[in-house]
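Have a look at the structure below before the remarks.
The values are calculated or read from the model by the stated rules, or taken from the named source; none is laboratory data. The structure presented is a predicted model; accordingly, all values stated were derived computationally and were not measured. Every residue, glycine among them, receives a Cβ derived from its backbone with ideal geometry; neighbour counts consider all protein chains shown. All accessible areas refer to the heavy atoms of the entire protein, side chains included, with ligands and DNA or RNA removed. Shrake-Rupley method; radii C 1.70, N 1.55, O 1.52, S 1.80 Å.
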Amino acid sequence: DKATALGSAFHALAETMVHTNENHEPARLEALARTWKLSQRQRTRLQAAITCWESSDLRRETQQYACRRAEVPFFIPALDAIHGSYVEGAIDLLCTESNDCAGDALVVDYKTGDLDLSEAEVYERHASQAKLYADVLLSQGFAHVTCAFICVETGVVVRWTW
């Protein structure tokens, strides 16, 4: 099993769900499983993960926001030049009350794997990534940022607020 294939398939499926505001379609799941060449074990994990996400309290929370955007890219100057002059990436799901960069933002990051980690270990493992996302959004003018990382295979959610 290619380590990143399951995560890539999950992210693509979750992105479609953001755009359609619907639960996943089994045909789309199967198409992504073929595209990413998922093994039967990975297909089973993907089905379980998407089912967990669909029924999660965090997903219901995201649906309360007026504006929900998937895979929001960012490109910012690095605070230190140890690894280069810029940092770039994408936020899995950004939820806001409007299209402008004001008010509060909720960042959701989907995690596949982390199956054997405790909630405290998940928190520690991803704290720097959450801080980066908060720094990006606060620099854009948001007043408050909450980052919620969900281990979609277990339903564990950890949060940080700035």
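At-a-glance table
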item: Net +/- balance of residues flanking ALA12 in space, Cβ distance below 10 Å, scoring K and R +1, D and E -1; result: -1
item: Distance in nm between pseudo-label sites at SER8 and THR161 (7 Å out along the Cβ direction from Cα); result: 3.7
item: For region 20-29, Karplus couplings with θ = phi - 60° (6.51, -1.76, 1.60), whole Hz, Gly/Pro x; result: 8, 6, 10, 5, 5, 9, x, 5, 5, 4
item: Inter-label distance, nm, simple model (7 Å from Cα along the C-beta direction), GLN129/ARG41; result: 2.2
item: Segment SER118-GLU54, extension gain: residue separation times 0.36 nm, minus the distance between their alpha carbons; result: 20.8 nm
item: Integer Hz, Karplus 6.51/-1.76/1.60 couplings in order for region 157-162, x for Gly and Pro; result: 10, 10, 9, 9, 9, 10
item: Carbon plus sulfur fraction of accessible area for region 1-55, probe 1.4 Å, in percent; result: 53
item: Gain in span if fully extended, ASN21 to ALA90, counting 0.36 nm per residue against the direct Cα distance; result: 22.8 nm
item: Using alpha carbons only: equivalent-ellipsoid semi-axes of region 49-130, gyration tensor based, whole Å; result: 24, 21, 10
item: Correct option for semi-axes √(5λ) of the Cα gyration tensor in Å [calculated from the coordinates] among (1) 23, 18, 14; (2) 71, 13, 10; (3) 26, 19, 16; result: (3)
